[in-house]
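The values are calculated or read from the model by the stated rules, or taken from the named source; none is laboratory data. What you see is a predicted model; the values in this text were computed from it and never measured. Note: ideal-geometry Cβ built from the backbone for every residue, glycine included; neighbour counts use all protein chains shown.
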Amino acid sequence: MNPRMTRDELLRRGAAAGTLLAFPSLLAACGGGGNGGEAGGGEVKDVLNFANWDLYIDTEKPTTLDKFTEQTGIKVNYYVEIDDNDTYFAKQQGLLSQGQGIGRDIFVFTDNSRFPGLLVDEGYVQKLDKDLIPNISHLVDAQASPSFDPNRDYSLPWFSGMTGIAWNTKVVDEVTSMDQFFNDPKLKNKATMLTELADSVGLTMLANGDDPSQVTDETFDRALETIKGAVDSGQIQDFLGQAYQAPLARGELAAAIAWSGDVIQLLSDNPHLRWGIPDSGGMIWTDNMFIPTGGSVPTASTYMNFVYEPVIAAQLAVGAGYISSVKGVSEEAAKLDRDAASNPLLFPDEETLSQTHQYDSAALNNGEQIKAWQEVLGQ
């Protein structure tokens, strides 16, 4: 690693601190806590507790988690327990609002939800120890200053990804548009949408010819009416978080609004799966690592430094199938897999990126729209 730190050095420092991407042309191609980071303890711990989403880390041995433990002596308890942003936040909010720890040193939230800003503003997360993260210099410029954390004092990107449509070629040859997703009889009662508002509503806005980066009451209502129509007709079977993965892999779903990297890992269970950006456009987002109240800041910061080494970041990206925010990853990825650097899922080109859109950050906090979406979900 660069710089390389031994376990003893880390302890001393802590103490001193107190698919296949199936585009049409590619179908055959493969106010924070104010504690300065001290509330979680002033030394590097023997164990890191990391909460993340499913299918979101490399699995080929030795994994990056194995390498982290080998290099630092820190055991990682890796918890796959996040299904969607809303549900996970609801589970943790009670303890966080009381200033209590949740037994985790790192958790991950998505920037196309209201939660990153809420976590910082409510003081539910702690500042990073940047002295322990010299590899923060490898953060790509485009991710250096998000609106919810302009100086990256509280967060670092884990991965970015795109939202589009996954489908099963045993049921339908391809699904190229949201209009087809909402109306093709082959998909009736065999299609699911994501519970994430920005993903499902955003894609629908694009299909309606509206701009999800500039949400109005009219465009939001129009998208909801389109989705409700598909529900009422029986086209949409359910709304799911990452729980869509299992029925999609088992062949129980014909199509699903899905995240880009998941299908790569699901192919081992179902080789008939494909994923693509609909012709009206897709959504793009970034998941971010935070240190919750009570978490060990030095331990979490040490891990963040580790995964921002380009060699490690490349192994993570190739293994998980998502977009890294670390400079120099494409070169390192090519050493691991000569085809990886040209994979538009891992390293989208300008043409691919031009098809993706971000959701209006201000609209993510619109209480009336959130309530209306919850009603559609039946919650």
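Of note:
- Hey, residue 199 part of a strand (DSSP E or B), within 25 Å of residue 88 (Cβ to Cβ), of a type outside the set (Lys, Arg) and not assigned by TED's automatic domain parsing to the domain that holds residue 85 or not: no
- Checking the stated criteria, residue 345 turns out not to satisfy the condition of being in a helix (DSSP H, G or I) and within 29 Å of residue 193 (Cβ to Cβ).
- Taking the listed residues 173, 153, 149, the one that is exposed (fewer than 14 other Cβ atoms within 10 Å of the Cβ), over 16 Å from residue 284 (Cβ atoms) and of a type outside the set (A, V, I, L, M, F, W, C) is 173, with no other qualifying.
- Residues that are out of contact with any Ser or Thr (no Cβ under 8 Å at 6 or more places or on another chain), closer than 15 Å to residue 300 by Cβ and either acidic (Asp, Glu) or at pLDDT 95 or above (or both) do occur in the range 83-105, at least one of them.
- Listed conditions (1) at pLDDT below 95; (2) farther than 30 Å from residue 374 by Cα are all met by residue 55, apart from (2).
- From 306, 290, residue being assigned by TED's automatic domain parsing to the domain that holds residue 102 and crowded, with 23+ Cβ neighbours inside 10 Å: 290
- Of residues in the range 312-365 being in contact with a Ser or Thr (Cβ under 7 Å, 6 or more places away or on another chain) and of a type in the set (S, T, N, Q), the one surrounded by the fewest Cβ atoms within 10 Å (Cβ to Cβ): 358
- Which numbered condition residue 236 misses (of (1) crowded, with 19+ Cβ neighbours inside 10 Å; (2) among the aliphatic types (A, V, I, L, M); (3) out of contact with any helix residue (DSSP H, G or I) (no Cβ under 9 Å at 6 or more places or on another chain)): (3)
- Residues in the range 62-103 that are polar (S, T, N, Q), within 27 Å of residue 119 (Cα to Cα) and in a helix (DSSP H, G or I): 85, 87, 92, 93, 97.
- Listed by first and then second residue, the pairs with beta-carbon distance under 9 Å, at least 6 apart or on different chains, first residue in the range 255-273 and within 18 Å of residue 190 (Cα to Cα) and assigned by TED's automatic domain parsing to the domain that holds residue 196, second basic (Lys, Arg) and not in a loop (DSSP other than H, G, I, E, B), are 255/186; 263/274.
- Screening the candidates 118, 128 for the property of being modelled with pLDDT of 95 or more, buried (at least 20 other Cβ atoms within 10 Å of the Cβ) and either in the same structural domain as residue 75 (by TED's automatic domain parsing) or in contact with a helix residue (DSSP H, G or I) (Cβ under 9 Å, 6 or more places away or on another chain) (or both) yields one hit, 128.
- Boolean, residue 266 is at pLDDT 95 or above and not polar (S, T, N, Q): no
- Hits in the range 74-123 - residues which are among the hydroxyl-bearing types (Ser, Thr, Tyr) and within 26 Å of residue 43 (Cα to Cα): 78, 79, 97
- Residue satisfying condition, being in the same structural domain as residue 251 (by TED's automatic domain parsing) and either part of a loop (DSSP other than H, G, I, E, B) or under 13 Å from the mean Cα position of the chain (by Cα) (or both), within set 108, 172: 172
- Residues that are surrounded by fewer than 17 Cβ atoms within 10 Å (Cβ to Cβ) and basic (Lys, Arg), drawn from the range 39-66: 61
- Filtering 261, 202 for residues that are over 20 Å from residue 321 (Cα atoms), within 17 Å of the chain's Cα centre (by Cα) and surrounded by 24 or more Cβ atoms within 10 Å (Cβ to Cβ) leaves a single hit, 202.
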